[in-house]
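The values are calculated or read from the model by the stated rules, or taken from the named source; none is laboratory data. If you're wondering where the values come from, they're calculated on a predicted model, not measured in any experiment. Methodologically, a virtual Cβ is constructed for each residue, glycine included, from the backbone with ideal geometry; neighbour enumeration extends over all protein chains shown. Protein only, heavy atoms only, side chains kept; ligands, DNA and RNA dropped before computing areas. Shrake-Rupley method; radii C 1.70, N 1.55, O 1.52, S 1.80 Å.
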Amino acid sequence: MKGLAKRIIPCLDVKNGETVKGTNFINLRSAGDPVELGKAYSKAGADELVFLDITASYEGRKTFTDMVTRVAAEINIPFTVGGGINELKDVARLLNAGADKVSINSSALRNPTLINEISSHYGSQVCVCAIDARLDEDGWHCYVKGGRERTDRGLFEWAKEVADRGAGEILFTSMNHDGVKQGFANEALAKLSEEVSIPVIASGGAGTKEHFRDAFTLGKADAALAASVFHFGEINISDLKHYLYNEGINVRI
Amino acid sequence: MNVAIVKYNAGNIYSVVNAIKRLGITPILTDSADELQNADKVIFPGQGNALEAMTYLKAHGLDKVIKNLRQPVLGICVGQQLLCRHSEEGGVDCIGIFDVDVKRFQPIQHEDKVPAMGWEEIYMSDEKDDAANVLLKDLGKHPYVYFVHSYYVPVCENTLATADYILPYSACMHKGNFYTCQFHPEKSGDVGEQILKNFLNM
């Protein structure tokens, strides 16, 4: 099919060198060695991988540069690293270790010019801006510190700003949907895709294959990210991609 | 086998080093004219800005070294673009192996996002079977490969394979000992690995 394939991205939350996944950001369960898991996903047909150092964003720890070096040596698909990236030298360290892209979240809200700096130094394709947002009674709001602290920024105006500042992609996690496996936030995703001109990665809510299809068709997402459904074998990536292909979606199989 | 990778101010060169290592060969990363000329195979990677890259290559005399290489050379991404005549990125004259100019993608509709980033199918052109068979053999009919780019090389007489994003453009090119990929074989999974193997086996 013409054009860019829709991407399936397993996300590996990493803590102390181990992969973990929380339900609504808490209650962490262990799920193995990130490099081995990443390799297995790559073989199964994952289009990209995301490794997030989940402890770093609030403990101020640096991400696992050694793990990044190992991933770069052993895995032959693109990967993004996030967590604890506060300044340009963090970006330099991770890119030098072999990451293809970096994902910034709280630090971008704290210091939006970091987005401009990353994209002007390394190109916008390197800069993934992650946004954790929740639909509160007064609309969608951005959250920081792993979802524990609400900011005064609205999802859509912040998304437009990060695109204008040169981010290459938006990784949007709906906190209402994350961990509950009832589908992605398709309405908000579709609105995001209409309002910004950079790719949007859907995150939070995957429970079934149909949820991925809906994120691409109803949510108009360019990519869909999930963790626990892949880690615990509830959805096999190869099966998922064949299902999406049969549903008429452009996927790499 | 002696594989040299051109060392210059391009980003993410180590991805290419890692990919060649995964194939069991430790490449040398060098900007020495001697080492490049004496290698069995030369890889000219690229990620970043064409103007900055050409400025660096010219300042170090590498543009002429690359142009005069006689062994198989593989240009990757911006490496493909720099082997063309001219790039719209910074309006810079390039090395000029391929007699064609590099253009910037012009989005037509909202879905046309630039940079184009992700997996696209490539289509081998039928007429150029011989060269295509060397670089692109054993890949299946329309393999998916990984692209990251805002600029493209229009389809021309040196086009070996095309991709179609906004418009059809050159995904692979060939002229004499020069082979190129607009995509990143080092990030294109098993397909990319096969392309690198095919190149090293030339």
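Projecting label points 7 angstrom from Cα along Cα→Cβ for B:E52 and B:K197 puts them 3.5 nm apart. Determine which residues of the range B:162-183 fall in the zone a paramagnetic label at B:D99 would reach in this model, i.e. backbone nitrogen under 14 Å from the point 7 Å along Cα→Cβ. Within reach of a label on B:D99: B:175-176.
For the range B:89-175, trypsin sites (Lys or Arg not before Pro) meeting the loop criterion (DSSP other than H, G, I, E, B) and having at most 10 other Cβ atoms within 10 Å: B:K141. Taking label positions 7 Å along the Cα-Cβ direction at both B:N68 and B:E35, the computed distance is 1.9 nm, reported to one decimal. In a simple Cβ point-charge model (Lys, Arg +1; Asp, Glu -1; nothing else charged), chain A has a dipole of about 420 debye relative to its Cα centre.
Taking all protein chains into account, the per residue accessible area for chain A stands at 38 Å² (1.4 Å probe).
What the phi angles of the range B:196-202 give under the Karplus curve with 6.51, -1.76 and 1.60, with θ = phi - 60°, is a coupling list of 5, 4, 4, 5, 5, 7, 5 Hz, glycine and proline written as x. The phi torsions of the range A:74-85, fed into the Karplus equation with coefficients 6.51, -1.76 and 1.60 and a -60° offset, translate into couplings of 9, 10, 10, 10, x, 9, 10, 10, x, x, x, 8 Hz, rounded to whole numbers, with Gly and Pro shown as x. Among the protein heavy atoms, those of A:H242 account for about 90 Å² of accessible surface (1.4 Å probe, every chain in place). Its Cα gyration tensor gives the protein assembly as shown an equivalent ellipsoid. The semi-axes, each the square root of 5 times an eigenvalue, are 36, 22, 21 Å from largest down.
Where only DSSP H runs of four or more residues are counted, chain A gives -10000 deg cm²/dmol as its mean residue ellipticity at 222 nm, each run worth -39500 (n - 2.57). Placing +1 on the Cβ of every Lys and Arg and -1 on the Cβ of every Asp and Glu, with no other charges, gives the range B:1-139 a dipole of roughly 500 debye about its Cα centre. The apolar share of the surface of the protein assembly as shown, taken as the fraction of accessible area on carbon and sulfur atoms (1.4 Å probe, ligands and nucleic acids excluded), comes to 47 percent. Normalised by 2.2 N^0.38 Å, where N is the number of residues, the C-alpha radius of gyration of chain A stands at 0.91. Determine the shape class of the range B:8-81: with a ≥ b ≥ c the square roots of the Cα gyration tensor eigenvalues, call it rounded for a/c under 1.5, and otherwise prolate if a/b is greater than b/c, oblate otherwise. Because a/c hits 1.5 or more and a/b fails to exceed b/c, the range B:8-81 counts as oblate. Per-residue mean of foreign Cβ neighbours for A:69-76 is 5 (Cβ atoms of other chains, 10 Å radius). Per residue, chain B exposes 39 Å² of solvent-accessible protein surface, assessed with a 1.4 angstrom probe and all protein chains in place. For the range B:167-188, a drop of 20 Å² or more in accessible area on going from the chain alone to the assembled protein chains (1.4 Å probe) is found at B:K187. Total accessible area buried between chains A and B, 1.4 Å probe, in Å² to the nearest 100? So the buried area, both faces added, is about 2500 Å². Computed with every protein chain present, the accessible area of A:S42 is close to 20 Å² [probe 1.4 Å]. Legend: calculated FRET efficiency, B:S150 to B:N9, from the Cβ-Cβ distance at R0 = 25 Å, rounded to 0.05, equals 0.85. Amide H contacts of A:K15 (H built 1.01 Å from N, in plane; Pro and chain starts excluded): A:V20 sit under 5 Å, all sequence-distant by 5 or more or on other chains.
About its Cα centre, the range A:61-182 has a charge dipole of approximately 380 debye under the convention of +1 per Lys or Arg Cβ and -1 per Asp or Glu Cβ, with nothing else charged.
Computed from label points 7 Å out along Cα-Cβ, the spacing between A:T217 and A:Q182 is 2.1 nm.
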